[in-house]
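Report on the following structure.
The values are calculated or read from the model by the stated rules, or taken from the named source; none is laboratory data. This is a predicted model, so every value here is computed, not measured. FYI the Cβ positions are ideal-geometry reconstructions off the backbone, even for glycines, and counts take in every protein chain you see. Note: areas computed on protein heavy atoms with side chains; ligands, DNA, RNA excluded. Shrake-Rupley method; radii C 1.70, N 1.55, O 1.52, S 1.80 Å.
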Amino acid sequence: MNIGHSKFSYCFNDITHEFSSVQINEHKGRKCSSLQVGVNDKQIISEHHEYMPSTVADLIDLAVAIYTADRCSHASNGVARQIKVTLPVRNPLLLTSVISELENILDWFTQDHWVFEFTMRQSLGRLPERQSRMRFSNDQFQPVEIALWSGGLDSLAGLCNRLYTTPSTHYVLFGTGASNNVQGIQRQVAQAVNAYYPNQTELIQAPFRIKIANLLKNRYTRSRGFVFMLLGTCCAYMKGQDLLHIYENGIGAINLPYKDSEVGLDHTRAVHPRSLIDVGKFVSKILDTRFSIHNPFLFQTKAQICEVFTHTKAIDLIFKTITCDRRHREENPQCGFCSSCLLRRQALAAAGLHDQTQYVVSDSRSAQPKDRRYLEAMLHQIDVLQGLLTSQNAWMNISKKYFTLAEVVDWMSDDTLSDSETIQRELLMLYQRYVREWESAQPFIEQKLALTKG
């Protein structure tokens, strides 16, 4: 790994509810600068704990520190970054004992090299650590499910599926992030859900803030999935649960590369099956209890989980969600041509749902040649998959082309003790269905992204 040209060091002060400072050293140009961070974790405190345990507070600080360092370490094409984080925590010996696991997980998520040093925190803990809360006794037991909540289509469709199949469960939606806009979308969609399903859901948010002045930022914050899972586990633990749910379709979760070379295309490991397994094991060591992270929709396509809207009256909720990965200043918030927007278009078309989303491309303007690169990459992947899936030994051929699928089988069979052949069949059916869906949706999408003649 080439780390000689992109090294960053971050030295955090005690992270508080108010802003605290972070010193940054960029080794390449020997630049020193600073920024400020803060976190609001007051909503995470619950009736299951009188106050927030120090291990939970440390996980929150760790999550905020990782996101900050990743966001502010600007990347050069083809060059991995070395990022060192020095962070004061309440249990430095405990966190030091799991540094190897932590660094390996982040290497997997970001494909960069991370180094950590933990020191003893000096200031008092934040309010949830010091605030004693009276415990409740609930005579009427109700199952509770904690799930990450992005305000996107997958999290909404997943929730509606769960509400449709197990309406007796109470669903706690956990939202976080450093963007006021994203926080607002999470609240807006959650409020709309509550109007359709009164008293069956609640939203808990733990926003964090970063004040950055005159600093280059990293466009792709690949640690985001890890950070959100850490914070989500804290919420689940404080609610007395040992399981965190993530609602994500299997195609997006496994996220096979569209082409052998994906320069400039979206490719993350945010909710990959290995990511969920590794983070669950890591958190279990910190909290000293077995904790798991589960995606109930791993073997379903986005179109499949969206089919629930054909059975409910909540179809309008779809168009309150934001899927787009590309930030822009157009009136319509979703570009319509990135891989996430295209998968949204494909899923709704394949599910037989009329897409009322307002996209930049097709609603505000016609497609330009550069807008079609994602579509061309995705269609290339479909052609490859179709050839592999119709071959004589489909599993051998597809797992040879996409080695991560064989790894998924190994990781899941080891973690869940499931039968390997069953997992293989489920994965084959997932991609077979995905190819069929594209065959039905492609003419519609091609029409929307057709180039203007002239």
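What to note about this one:
- Residue within the stretch 353-361 that is outside any loop (DSSP other than H, G, I, E, B), open to solvent by 20 Å² or more (accessible area, probe 1.4 Å), among the aromatic types (Phe, Trp, Tyr) and out of contact with any Cys (no Cβ under 6 Å at 6 or more places or on another chain) present: no
- The listed residue being on the phi < 0 side of the Ramachandran plot and over 22 Å from the mean Cα position of the chain (by Cα), out of Leu102, Leu94, Leu106: Leu94
- Filter pass, Arg373 being assigned to a loop (DSSP other than H, G, I, E, B), at pLDDT below 95 and within 20 Å of Tyr258 (Cα to Cα): no
- From the list Lys259, Lys239, the lone residue that is surrounded by fewer than 24 Cβ atoms within 10 Å (Cβ to Cβ), modelled with pLDDT under 95, in contact with a strand residue (DSSP E or B) (Cβ under 7 Å, 6 or more places away or on another chain) and among the basic types (Lys, Arg) is Lys239.
- Residue selected from the stretch 71-106 under the condition among the charged types (D, E, K, R) and at pLDDT below 95, by the criterion nearest to Glu407 (Cα to Cα): Arg81
- Extreme residue, surrounded by the most Cβ atoms within 10 Å (Cβ to Cβ), among residues of the stretch 167-179 that are under 18 Å from Ile210 (Cβ atoms) and either in contact (Cβ under 8 Å) with a residue 24 or more places away in the chain or among the aliphatic types (A, V, I, L, M) (or both): Thr176
- Selection from the stretch 382-393 of residues that are in a helix (DSSP H, G or I) and over 30 Å from the mean Cα position of the chain (by Cα): Gly387
- Residues of the stretch 163-182 classified as touching a Ser or Thr at 6+ places or on another chain (Cβ under 9 Å) and farther than 12 Å from Ile246 by Cβ, total: 9
- Residues located in the stretch 385-397, provided they are out of contact with any Ser or Thr (no Cβ under 8 Å at 6 or more places or on another chain) and not aromatic (Phe, Trp, Tyr): Leu385, Gln386, Gly387, Leu388, Leu389, Thr390, Ser391, Gln392, Asn393, Ala394, Met396
- Near pairs, Cβ below 6 angstrom, 6+ apart or cross-chain, from the stretch 235-246 (aliphatic (A, V, I, L, M)) to any residue that is in a loop (DSSP other than H, G, I, E, B): Met238/Ser46; Met238/His49; Ile246/Val271; Ile246/Asn295
- Hits in the stretch 270-314 (condition: over 21 Å from the mean Cα position of the chain (by Cα), open to solvent by 50 Å² or more (accessible area, probe 1.4 Å), of a type outside the set (D, E, K, R) and closer than 27 Å to Arg187 by Cα): Thr310, His311
- Any hit, the stretch 406-422, residues being touching a Lys or Arg at 6+ places or on another chain (Cβ under 6 Å) and either under 21 Å from Asn255 (Cα atoms) or surrounded by fewer than 20 Cβ atoms within 10 Å (Cβ to Cβ) (or both): yes
- If only residues of the stretch 107-154 that are modelled with pLDDT under 95 and of a type in the set (A, V, I, L, M) are counted, the one that is surrounded by the most Cβ atoms within 10 Å (Cβ to Cβ) is Leu127.
- Members of the stretch 62-93 found to be among the small types (Gly, Ala, Ser) and in contact with a helix residue (DSSP H, G or I) (Cβ under 8 Å, 6 or more places away or on another chain), listed by number: Ala63
- Total residues in the stretch 201-222, condition free of Cβ contacts under 8 Å to residues at least 60 places away in the same chain, open to solvent by 30 Å² or more (accessible area, probe 1.4 Å) and in contact with a helix residue (DSSP H, G or I) (Cβ under 6 Å, 6 or more places away or on another chain): 1
- Scanning the stretch 147-200 for residues that are polar (S, T, N, Q) and under 24 Å from Ser340 (Cβ atoms) turns up Ser150, Ser155, Asn161, Thr176, Ser179, Asn180, Asn181, Gln183, Gln186, Gln188, Gln191.
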